[in-house]
Amino acid sequence: MLRQLGAGLGRVVPAEVSRLIDSAQFASGWHESIENPPSAKHRVLVALDGEKVVGFVAFAPVDDGARPDAEGSPTPGGPPPSGTGEATPPGRDEPLTSPEAPSTSSVDAEILALEVDPAYPSDVQGARLLNACADILALSGASSMRTWAVRGDELRQHFLTESGFAVEGLRRGYLVGDGEVVEDAWWAEIGDPAPEHS
């Protein structure tokens, strides 16, 4: 989180801001949201190295209350990310495509979080998580998905581009200390689910 905020600000995150980021509080919030998801469609998948969790992705249906208004400006989002923990199935090749961006009302699902332990290759583990997420969404009938990336976070933008996402044209901003962090919406179409292997 600090890396992403720093990328968005273009400088080191101020100490008074970094002190407000309480890892124990974040862990407690995620634990609660996983144990008590708002719906069965709110999901969390994890990447494992043996028994160690090295990454996760959380996704859910697009919240109508979080859709952009008529002017194209984002309205405030919904509840914190939530879902149910599962092991990550094997990935697949080229799960996503990104032709002309859709109208925002046609995006079916949103990736609420996608994070990988910095000690592990984020492109490999992130791709596995993203592919598993796309497979599950495809089986549920979803045809497209959205995520948000901090403007200036070149690592995340490169990953999304390589994964078949394109900038959707929406943005939202947050005041962080005396600066502002802007996030852009990225979207991708979801292909057919990967075939099961025996």
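Each reported figure results from applying straightforward, stated rules to the coordinates on display, with no laboratory input. Everything quoted here is computed from the prediction, not taken from an experiment. With ideal geometry, Cβ positions are generated from the backbone for all residues, glycine too; neighbour counts draw on all protein chains shown.
Want the number for Val53 to Asp178: 0.36 nm per residue separation, take away the alpha-carbon distance, what's left?
Working: separation 125, 0.36 × 125 = 45.00 nm, distance 3.50 nm.
Stretched fully, the Val53-Asp178 segment lengthens by 41.5 nm.
Which order do Arg156, Arg43 fall in if you start with the one that has the fewest other Cβ atoms within 10 Å?
Working: Arg156 20, Arg43 25.
Ranking Arg156, Arg43 by Cβ neighbours within 10 Å, fewest first, gives Arg156, Arg43.
Among Glu35, Glu189, rank each residue by its count of other Cβ atoms within 10 Å, from fewest to most, as a rough exposure measure.
Values: Glu35 10, Glu189 18.
Ascending Cβ contact count within 10 Å gives the list Glu35, Glu189.
Test of understanding: ordering His158, His42 by Cβ neighbours within 10 Å, fewest first, what list do you get?
On the way: His158 11, His42 20.
The fewest-first ordering by Cβ neighbours comes to His158, His42.
Would you mind getting me the FRET efficiency between Ser39 and Val124? Use the beta-carbon distance for r and R0 = 30 Å, nearest 0.05. Walk me through the numbers before you get to the answer.
Working: r = 30 Å, r/R0 = 1.01.
E between Ser39 and Val124, to the nearest 0.05, is 0.50.
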